[in-house]
1. Filter segment 115-126 down to the residues that are surrounded by fewer than 21 Cβ atoms within 10 Å (Cβ to Cβ) and either within 9 Å of the ligand (Cβ to nearest atom) or without any contact (Cβ under 8 Å) to a residue 40 or more places away in the chain (or both) and list them by number.
2. How about segment 147-165: which of its residues are touching a helix residue (DSSP H, G or I) at 6+ places or on another chain (Cβ under 9 Å) and more than 9 Å from the ligand (Cβ to nearest atom)?
3. Is there any pair linking a residue in segment 86-109 that is at positive phi to one that is part of a loop (DSSP other than H, G, I, E, B) and near the ligand (Cβ under 8 Å from one of its atoms), with Cβ under 9 Å and at least six apart or on different chains, and which?
4. Would you say Lys130 is free of Cβ contacts under 8 Å to residues at least 60 places away in the same chain and not in a helix (DSSP H, G or I)?
5. Taking into account only those residues within segment 135-191 that are part of a strand (DSSP E or B), touching a strand residue (DSSP E or B) at 6+ places or on another chain (Cβ under 6 Å) and not aliphatic (A, V, I, L, M), which is nearest to Leu210 (Cα to Cα)?
6. Determine the pairs where a residue that is without any contact (Cβ under 8 Å) to a residue 12 or more places away in the chain, located within segment 52-69, has a partner that is part of a helix (DSSP H, G or I) and polar (S, T, N, Q) with Cβ atoms under 8 Å apart, the partner being 6 or more residues away or on another chain.
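Each reported figure results from applying straightforward, stated rules to the coordinates on display, with no laboratory input. As the structure is a prediction and not an experimental result, all values here were calculated from the model. As a convention, Cβ positions derive from the backbone with ideal geometry for all residues, glycine included, and neighbour counts pool all protein chains shown.
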Amino acid sequence: MSAELDALIDIVVKGKIKEAKDATQKCLDAGIDAKTIIFEGLSKAMAIVGDLYASKKYFLPQVLLSANTLYGGLNLCLPLLQGEGGASKGTVVIAVVEGDVHDIGKNIVKAMLTGLGLTVIDLGKDIPIKTIIDTAVNEKAQIIATSTLMTPTLAGMKQVEAELKENGMKGTIKTMIGGGATSKEFADQIGADGWSYDAVEASHVAAAFLGI
Ligand code: B12
């Protein structure tokens with residue numbers, strides 16, 4: 001681990017919002033690539049914040065400040081993951097399901113899928129399931145990717161599967177799910193076509209769906 005990355009982690013954990021961009025630039029200048037900054041730096045910082053919240057040393061305002069600080073670095077790194085463009089290899093509709101506003105992980109997955117050469121239609125966070133399905137059908141998407149970090153909103157992912165079955169689109173549009181509240185077992189249980197623990201693996205799952 002480098003001193004630059006350690007410094008960035010510390011800044012995100014402490015929520016020093018004005019320092020995040022410069023600290024991220026210092027990491028890039030030191031030759032650390034964007035993927036390493038995201039996965040070994042920013043995500044690690046958020047895991048530390050999560051532990052501090054779970055142990056009641058941090059409360060929501062501090063978590064929010066750290067998340068906003070993280071975005072100072074993430075906004076610099078994400079465009080670097082997104083590749084050169086070229087012909088689209090497929091279309092994905094991505095969203096955080098209704099009731100959930102946690103969007104950091106979804107945004108990283110979006111960048112990885114864009115980097116794979118896919119057209120990613122990002123509906124954002126707290127999105128009704130009907131909007132997700134309608135968009136995927138209208139845009140002729142091959143994949144629906146949904147994210148949630150909360151247990152109560154897992155039901156939305158089950159609803160995606162049910163509505164696709166009802167429309168006769170199950171199988172035609174592949175589904176992949178992720179986020180802290182999900183698991184491989186849950187994905188299998190609801191009949192989702194794919195699941196992954198992180199955004200790198202998410203791009204492998206999507207690539208396998210599309211045969212690329
Ligand atoms: C940051 C954070 C917040 C921020 C969110 C800011 C933002 N813009 O996202 C704020 C402060 C707003 C927040 C609010 C709340 N939070 Co919060 N939050 C967190 C925290 C600390 C970190 C989450 C995070 O960003 N992780 C970093 C990212 C990079 O990781 P990730 O999302 O898991 O994503 C990776 C993978 O999961 C995967 N992935 C993600 N999505 C997808 C999708 C697909 C398709 C695939 C394949 C893969 C994939 O790839 C990503 C990158 O590798 C977690 C604690 C934790 N340990 O997770 C709690 C946590 C998620 N929050 C929690 C709760 C309860 C809340 C609140 C309800 C609190 C409250 N009482 O109001 C509210 C939610 C309100 C709502 N309706 O949504 C709980 C959820 C518990 C549960 N299981 O239900 C957690 C687990 C904390 C806890 N231990 O209690 N929170």
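1. If the condition is that a residue be surrounded by fewer than 21 Cβ atoms within 10 Å (Cβ to Cβ) and either within 9 Å of the ligand (Cβ to nearest atom) or without any contact (Cβ under 8 Å) to a residue 40 or more places away in the chain (or both), then Thr119, Ile121, Asp122, Leu123, Gly124, Lys125, Asp126 are the ones that fit.
2. Gly156, Met157, Lys158, Gln159, Val160, Glu161, Ala162, Glu163, Leu164
3. What qualifies is Gly99/Thr148; Gly99/Met150; Gly99/Pro152; Gly99/Thr153.
4. Values: free of Cβ contacts under 8 Å to residues at least 60 places away in the same chain: yes; not in a helix (DSSP H, G or I): no.
When the stated conditions are applied, Lys130 does not pass them.
5. Lys174
6. Tyr53/Gln62; Tyr58/Ser66
Every residue, every condition in (1) farther than 21 Å from Ala67 by Cβ; (2) surrounded by fewer than 19 Cβ atoms within 10 Å (Cβ to Cβ), yes or no:
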| position | (1), (2) |
| --- | --- |
| Val96 | no, no |
| Val101 | no, yes |
| Lys106 | no, no |
| Thr131 | yes, yes |
| Ala136 | yes, no |
| Glu139 | yes, yes |
| Thr153 | no, no |
| Ala199 | no, no |
| Ser203 | yes, no |
